[in-house]
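Just so it is clear, none of the values below were taken in a lab; they were calculated from the coordinates. Remember, predicted model here, so these are calculated numbers, not experimental data. Don't worry about glycine lacking a Cβ; one is built from the backbone with ideal geometry, like all the others, and counts go over all protein chains shown.
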Amino acid sequence: MMEARGVVAGRGPGTAARAPLHFQLAPGRISLLLGPNGSGKSSLLLALAGLLPLQQGTLWLDGRRIDGLPPERRRALGLALVPEGPAVLPGLTVQDNLRAGGSGLRRAALQAAVERMLQRFPELRPCLGQAAGTLSGGQCKLLALAQALVGGPRYLLLDEPMLALAPPVVQRLRGLLPLLREEGIGLLLAEPPPAPALRALADDLLPLPPAGGR
């Protein structure tokens, strides 16, 4: 279980003026973090992943305190992030992006993990030798998700995963999330309200009040 105890995150002094947040994310559940722009959703996910420091509170993963660990150690322990916006390495090929997501795996395990992602995201197979920066927005989102999944995370953080995507890609992702839940992955999705497409999937709702900074 991932447990946040009294956490506050922000991108500078005075940017996280809100009450500390307490929540748990269990394997095989979808939690929906709801808050308007400026409520600190993105900052919180970045802090959980280790890309921003927590201003307050502690973070625990399967009984181990991890808020002092760097991002790569958190990934190795099973916590992955798909941030909002560009989340791939544009100068690398699709294949190399997938390999980068499993950089901590041994060669045989990495090859098997990449093949599993290509079976899960067949749209990416024809693009393996293509630079990620030349993909469409929908293809980039699928690649970012595949890249995060290559390492076999137990907890996955997704920042506005449906933002600015064409309806077919939104439906593709919406159908994928329950499958990931069935595989035992704990999913924390940050979205602005009302997020009707995701509310129906969520096991838990975590509302955030407005605050300075994002």
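When DSSP beta bridges are restricted to pairs lying wholly in the chain, around 40% turn out antiparallel. Farthest toward the positive end of the dipole of the stretch 112-161, out of LEU145, LEU135, ALA113, is the Cα of ALA113, where the dipole comes from beta carbon charges about the Cα centre.
Helical runs (DSSP H, four residues minimum) scored at -39500 (n - 2.57) apiece and divided by the length of the chain put the mean residue ellipticity at 222 nm at -10000 deg cm²/dmol.
With each label modelled as a point 7 angstrom along the Cα→C-beta vector, the ARG65-ASP204 pair spans 2.1 nm. Distance between the pseudo-spin-label points of THR93 and GLN119 (7 Å out from Cα toward the beta carbon): 2.2 nm. Only one item in (i) 16.9; (ii) 18.9; (iii) 17.4 matches Kirkwood radius over Cα pairs in Å derived from the coordinates shown, and that item is (iii). Placing unit charges on the Cβ atoms of the charged side chains and taking the dipole of the chain about its Cα centre, the candidate lying farthest along the positive direction among VAL170, MET1, LEU187 is MET1. Amide hydrogen proximity for ALA9: with H placed 1.01 Å from N in the peptide plane, the residues at 5 or more positions away or on another chain lying under 5 Å are GLN55. Put the Cα centre of the stretch 94-138 next to the Cα centre of the stretch 1-78 and the gap is 27 Å.
In a fully extended conformation the segment linking GLU182 and ASN37 would gain 49.2 nm over its present Cα-Cα distance, using 0.36 nm per residue. Where in the stretch 117-158 does the amide nitrogen come within less than 17 Å of the point 7 Å from the Cα of ALA197, taken along Cα to Cβ? Within reach of a label on ALA197, which here means backbone N under 17 Å from a point 7 Å along Cα→Cβ, the stretch 117-158 contributes 136-146, 158. Stretching SER103 away from ARG5 to a fully extended chain increases their span by 32.3 nm, per 0.36 nm per residue minus the current alpha-carbon distance.
Segment ARG172..ARG73, full-extension length gain: 32.6 nm, with 0.36 nm per residue of separation and the alpha-carbon distance subtracted.
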